[in-house]
Amino acid sequence: MTAKIIDGKAFAAGIRAKVAGHVARLKEENGITPGLAVVLVGEDPASQVYVRSKGKMTVEVGMNSYEHKLDEGVDQGALLALIDRLNNDPEVHGILVQLPLPRHLDADLVINSINPEKDVDGFHISNVGLLGTGQKSMVPCTPLGSLMMLRDHLGSLSGLDAVVIGRSNIVGKPMAQLLLGDSCTVTIAHSRTKDLPVVVRRADIVVAAVGRPEMVPGDWIKPGATVIDVGINRIERDGKKILVGDVEFASASKVAGAITPVPGGVGPMTIACLLANTVTACCRANGLTEPEGLTA
Ligand code: GUN
């Protein structure tokens, strides 16, 4: 069997086009321009790349982008004061604090100081609780994008066996909640899971989010399963620097029914869903009907 390749780049472009349409309508009919504020502390090169890319795409879909770059050594009080200002700014509908933060800052405290309705990352404890209890919330972007691709490929997920490998707060745990919300039977596997190959082989849906290059080989995959590879790992092969996922693509794509490639799979969906969340937050803040198909 040769797997269908799920084209995240094209899917994400479709989401951004939908977002752009909603933004244009909000401007025309309501005189509102959605705004996304991104806070970056320090000079981490990967974070700078992400933030630049977020800013560019925010503007491309017609929204306002506000970037706040703070020195590596900024004190917590100053960062909290900035978040308080953004919380109270009616032009700002979404706030994202780029992670990781320098170690002298309390990331949990910082994230939980964001107004939950503007928390477009879905990391605030209140959004985590709302998602876990099946209530309307802001949903973390990478799991939301992964869910959209699964629904698009499979239709109903009801009754399917899903394995999420990885238990992070950013991907693994919210992904499991979303799959449960769609009536999957969900297993969360992690570094201490016994007989991981056996657990993975049972699954109709495999979401790999561990951050270990190519740790899931093709012979762990049940024939015909749908594989979502969240990993983005930089490695060197044959003297060249390349990106690989958490799944060994060459072998897995011979067994799976469908698979996301790396790059070009889940990656582009994350920013597209961030923009979708910002439009959703803007509509909710203004008591307007929120766009269909852009939330869980
Ligand atoms: N750093 C890496 N990914 C993310 C993300 O999705 N959100 C935030 N805030 N920081 C990140």
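Tabulated data for the structure shown
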{"quantity": "Extended-chain gain in nm, criterion 0.36 nm per residue less alpha-carbon gap, ILE125 and ALA20", "calculated": "34.9 nm"}
{"quantity": "Inverse mean reciprocal Cα-Cα distance (Kirkwood Rh) of the chain, Å", "calculated": "19.7 Å"}
{"quantity": "Between the stretch 54-72 and the stretch 102-147, the Cα center-to-center distance that results, in Å", "calculated": "19 Å"}
{"quantity": "Cα radius of gyration and Dmax for the stretch 1-57 (Å)", "calculated": "16.3, 52"}
{"quantity": "Shape metrics for the stretch 68-142, restricted to C-alpha atoms - Rg then Dmax, Å", "calculated": "12.6, 39"}
{"quantity": "Ellipsoid equivalent to the stretch 172-296 - semi-axes via the Cα gyration tensor, in Å", "calculated": "30, 19, 12"}
{"quantity": "Estimated FRET transfer efficiency (GLN135, ARG234; beta-carbon r; R0 45 Å; 0.05)", "calculated": "0.75"}
{"quantity": "Approximate spin-label separation ARG201-ARG103, in nm, with each point projected 7 Å along Cα-to-Cβ", "calculated": "4.2 nm"}
{"quantity": "Label point at ARG212 placed 7 Å out along Cα→Cβ; residues across the stretch 162-177 whose backbone nitrogen lies under 16 Å", "calculated": "164-168, 172"}
{"quantity": "Theoretical FRET efficiency, 1/(1+(r/R0)^6), r = Cβ-Cβ of LEU288 and ASP219, R0 45 Å, to 0.05", "calculated": "0.35"}
{"quantity": "Virtual paramagnetic centre 7 Å along Cα→Cβ of THR193, amide N under 18 Å, in the stretch 157-173", "calculated": "159-173"}
{"quantity": "Percent of alpha-carbon pairs separated by more than 18 Å within the stretch 231-275", "calculated": "37 percent"}
{"quantity": "Value of Rg to Rh for the stretch 140-195 (Rh from inverse mean 1/r over Cα pairs, i.e. Kirkwood)", "calculated": "0.97"}
{"quantity": "Full-extension gain in nm, LEU180 to ARG151, via 0.36 nm per residue minus C-alpha separation", "calculated": "9.1 nm"}
{"quantity": "The stretch 101-197 - Rg and Dmax from Cα coordinates, angstrom", "calculated": "14.6, 45"}
{"quantity": "Projected label distance in nm at SER158 and GLU28, using a 7 Å step from Cα toward the beta-carbon", "calculated": "3.7 nm"}
{"quantity": "Gain on full stretching of the segment that runs from GLU67 to VAL49 - 0.36 nm per residue minus C-alpha separation", "calculated": "5.2 nm"}
{"quantity": "Mean projection area, nm², convex hull over Cα of the stretch 35-182", "calculated": "9.6 nm²"}
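Where a number appears in this text, it was derived from the coordinates with a stated rule and is not lab data. Given the structure is predicted, the values throughout are model-derived calculations rather than measurements. Positions of Cβ are backbone-derived with ideal geometry, glycine not excepted, and every protein chain shown enters the neighbour counts.
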